[in-house]
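As structure tokens, the structure follows; a few thoughts come after it.
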Amino acid sequence: MLETKPDYYLSSNEIVTFAEPRKCWLIRRLTCGARNNLALVKVFPEVRFEGKDGNELVCDEFILANRFEGSDIWKKVGFPIEVYICALKEKNVKDFNVIAKSDMDIVAWGELYPSEESATQNLTHEMLNVLKKKKD
């Protein structure tokens, strides 16, 4: 999958951990309750973040859900597409097309962009400064 062109670039102006633009590939459409437009995605590079239990998690697959009614991850229009970034609680859940809210935790708010350049350009000055300090 890493050899193919990504469907999106995922970043966040809300959470430093997710600020760095990451390649993002759509794996599969998921349904959760009345919502049938969630997406199981793979990101690169992987993300290191603190889980709800305080332990460090390393993850390269997430579930994305539109934050606002009317936007759709699958239509690839109206950028940026604002999303909830959700971590799966159990690895085997990703083998199904229907999931429950209890199968995932929202870990961040993010945005999807059509290119790495647009993702970087849309980061706030504050977030860019934080990322620069992390690299130094």
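The values are calculated or read from the model by the stated rules, or taken from the named source; none is laboratory data. Predicted, not measured: the structure shown is a model, and the values here were computed from it. Here the Cβ positions follow ideal geometry from the backbone for every residue, glycine too, while neighbour counts run over all protein chains shown. SASA here: full protein model, heavy atoms, side chains in, ligands and nucleic acids out. Shrake-Rupley method; radii C 1.70, N 1.55, O 1.52, S 1.80 Å.
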Matching option when the condition is of a type outside the set (S, T, N, Q) and in contact (Cβ under 8 Å) with a residue 40 or more places away in the chain, among F68, F49, F79: F49
Kindly indicate whether S71 is closer than 19 Å to S118 by Cα and either in contact with a helix residue (DSSP H, G or I) (Cβ under 6 Å, 6 or more places away or on another chain) or open to solvent by 50 Å² or more (accessible area, probe 1.4 Å) (or both). no
